[in-house]
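Read the structure below first, then the notes.
Just so it is clear, none of the values below were taken in a lab; they were calculated from the coordinates. Quick caveat, the model's predicted, so the values are computed rather than measured. Here the Cβ positions follow ideal geometry from the backbone for every residue, glycine too, while neighbour counts run over all protein chains shown.
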Amino acid sequence: MNADWFKEYFSRYEQIILDSDIHKDLLSLKDLLIEMRSRGNKALVMGNGASASIASHISTDLSKGAGIRTTNFNDANLITALGNDYGYENWMAEAINIYADEGDIAILVSSSGTSANVIKAADAARMHKMTIVTLSGFLPDNPLAQCGDLNLWVDSKAYNIIENVHMMWLAAVCDAIIGKAEYSVS
């Protein structure tokens, strides 16, 4: 392995991030979030593993920086209580049943797009008349991408690339709502 390995590795990001089609979708997400905020609704962001970390990070940034009421469900007590009572594959759907209001947005993140609990969360979001935004990778027709009103798909089969791109896309949308990339956080 030599330094060219990193050049090739990072060129994957370049190809994905500079894809102009995704820029239109990111603008659509920005507009959806601003419209949702004007109605007084909120965004519920969910994922497993690294996608849960992405959900937590972007929830904070959207709430604090962009004035978008956003929450995620990373509390161990909530996950284990709902998982114990309803099964792990149903805990996200149950969280949506508890917290969702009609007109909210569900932002569902799954690198593979095949996580049963995230797909069931999409089904619950649909029942609550939420707008569903999905972020996934691997196959373009993955099960989660079939559930969304707006689907942000990363053309990669590499978990780290997919997860990092999901975070970059969501952070870019947050900064677009704020209106600039450099700003004070205090």
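Tabulated data for the structure shown
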quantity	calculated
Top-ranked residue in region 1-25 [being under 20 Å from the mean Cα position of the chain (by Cα) and outside any helix (DSSP H, G or I); ranked as surrounded by the most Cβ atoms within 10 Å (Cβ to Cβ)]	D19
Selection within region 58-76 - touching a residue at least 24 places away in the same chain (Cβ under 8 Å) and either assigned to a strand (DSSP E or B) or farther than 17 Å from A106 by Cβ (or both)	D61, K64, G65, A66, G67, T70, T71, N72
Those residues of region 146-166 which are aliphatic (A, V, I, L, M), surrounded by fewer than 18 Cβ atoms within 10 Å (Cβ to Cβ) and under 26 Å from S63 (Cβ atoms), in sequence order	L150
Helices (runs of 4 or more DSSP H) contained entirely in region 77-186, each with at least 3 residues that are free of Cβ contacts under 8 Å to residues at least 24 places away in the same chain	none
Residue satisfying condition, being among the hydroxyl-bearing types (S, T, Y), under 22 Å from G148 (Cβ atoms) and either more than 18 Å from the chain's Cα centre (by Cα) or crowded, with 20+ Cβ neighbours inside 10 Å (or both), within set S28, S59, S53	S59
Selected residue (criterion: farthest from I96 (Cα to Cα)) from residues of region 130-145 that are of a type in the set (G, A, S) and crowded, with 21+ Cβ neighbours inside 10 Å	G137
